[in-house]
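Worksheet: one structure, shown below.
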Amino acid sequence: MYKQLFAALLAVTSVSACKAKDTDTKDQPAADNTARNARSREAMPVADQAVSNQSDLDVTQKIRKAVIDDGSLSLNAHNCKIVVNDGVVTLVGPVSSIAERDRVEKIARAVVGPDQKILNKLEVTN
């Protein structure tokens, strides 16, 4: 008898806790970033638009390797998008600071040289 009563009480408590949790999350925005991703797809180049020739592929690989090899950068910076299309380098994605954004651009500049166009569209998240 006590086991059945305990089980029923536990079930009611669990349901109440779940309902309370649901009401708390209604005030918080959803973790869904679909709208932001859609905006990014429309305004920013994506990886499948890159690599139109072997030269662009080589530049992309060199920049990516240099970014990954830089241990001072955050995981976000290591994972930024590097899109090279007809020699134009575009950097896209979140980074932790302005200094980090500038560091990724400096790395790309070291690979492509001073005359190549670099579009730095990295966003500082903090």
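The values are calculated or read from the model by the stated rules, or taken from the named source; none is laboratory data. Please read these numbers as outputs of a predicted model, since none were measured by experiment. Please note: Cβ atoms are built from the backbone with ideal geometry, for glycine as well, and neighbour counts cover all protein chains shown.
Looking at this structure, is residue 88 of a type in the set (Val, Ile, Thr), out of contact with any helix residue (DSSP H, G or I) (no Cβ under 6 Å at 6 or more places or on another chain) and surrounded by fewer than 19 Cβ atoms within 10 Å (Cβ to Cβ)?
Against the criterion (of a type in the set (Val, Ile, Thr), out of contact with any helix residue (DSSP H, G or I) (no Cβ under 6 Å at 6 or more places or on another chain) and surrounded by fewer than 19 Cβ atoms within 10 Å (Cβ to Cβ)), residue 88 qualifies.
Determine which member of the set 81, 121 is surrounded by 13 or more Cβ atoms within 10 Å (Cβ to Cβ), within 17 Å of residue 57 (Cα to Cα), touching a Ser or Thr at 6+ places or on another chain (Cβ under 9 Å) and of a type in the set (D, E, K, R).
The conditions single out 81.
Would you say residue 3 is more than 20 Å from residue 123 (Cβ to Cβ) and modelled with pLDDT of 95 or more?
Answer is no for this residue.
Could you list, in sequence order, the residues of the range 91-118 that are of a type in the set (A, V, I, L, M, F, W, C) and exposed (fewer than 15 other Cβ atoms within 10 Å of the Cβ)?
Once the filter is applied, which keeps residues that are of a type in the set (A, V, I, L, M, F, W, C) and exposed (fewer than 15 other Cβ atoms within 10 Å of the Cβ), the range 91-118 yields 98, 99, 110.
Does the range 36-45 contain any residue that is surrounded by fewer than 12 Cβ atoms within 10 Å (Cβ to Cβ), over 17 Å from the mean Cα position of the chain (by Cα) and modelled with pLDDT under 95?
no
Which condition does residue 57 not pass, out of (1) touching a strand residue (DSSP E or B) at 6+ places or on another chain (Cβ under 9 Å); (2) surrounded by 15 or more Cβ atoms within 10 Å (Cβ to Cβ), if it passes all the others?
Status for residue 57: all satisfied but (2).
State all residues of the range 110-122 that are over 15 Å from residue 81 (Cα atoms) and basic (Lys, Arg); if no residue qualifies, say none.
The answer is 117, and nothing else.
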